[in-house]
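Working notes, beginning with the structure itself.
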Amino acid sequence: PADPTDQLELAHRIANMAFVGKVQQLERENAHLTQQALDRQTKIKQLERRVHAMESELSDAAEKVRAGAEEANKLVGEKNVLINTVKKLNRDVAKLDNFKRNLLQTLHDDDDE
């Protein structure tokens with residue numbers, strides 16, 4: 001346009017359209033980034049729940065290991081007591097066998113006389 005007022009109006013419309021276009025682009029980018037942030041927050045919450053569940057499982061497993069170790073120690077103690085009891089009983093049986101042999105020998109000797 002030849003008229004300065006028309007040129008000014010055209011320049012204003014061009015600048016306004018550029019501004020509106022830039023605002024719309026920034027709003028779209030903002031919406032996209034907001035959605036990404038929400039998606040990431042959701043993912044973080046999911047991961048936090050998984051971590052909590054795994055920590056709970058780990059705690060349960062550690063408790064089972066501790067209980068198993070205590071049971072193993074208890075069983076080792078019981079085994080040692082039983083081993084000592086068996087040794088004592090074997091000694092007693094050996095003494096009784098010896099006594100039986102001596103008694104039978106004595107009875108046999110008495111019968112011979």
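The values are calculated or read from the model by the stated rules, or taken from the named source; none is laboratory data. Worth saying up front: this structure is predicted, and the values here are computed from it rather than measured. Every residue, glycine as well, gets a Cβ built from its backbone with ideal geometry; the counts of neighbours run over all protein chains shown. Protein only, heavy atoms only, side chains kept; ligands, DNA and RNA dropped before computing areas. Shrake-Rupley method; radii C 1.70, N 1.55, O 1.52, S 1.80 Å.
Okay, residues lined up against (1) touching a Cys at 6+ places or on another chain (Cβ under 8 Å); (2) among the polar types (S, T, N, Q); (3) in a helix (DSSP H, G or I); (4) open to solvent by less than 90 Å² (accessible area, probe 1.4 Å):
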| site | (1), (2), (3), (4) |
| --- | --- |
| Asp6 | no, no, yes, yes |
| Glu9 | no, no, yes, no |
| Asn16 | no, yes, yes, yes |
| Phe19 | no, no, yes, no |
| His32 | no, no, yes, no |
| Gln36 | no, yes, yes, yes |
| Met54 | no, no, yes, no |
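Given the condition open to solvent by less than 80 Å² (accessible area, probe 1.4 Å), among the hydrophobic types (A, V, I, L, M, F, W, C) and more than 52 Å from the chain's Cα centre (by Cα), answer yes or no: does some residue in region 69-79 qualify?
no
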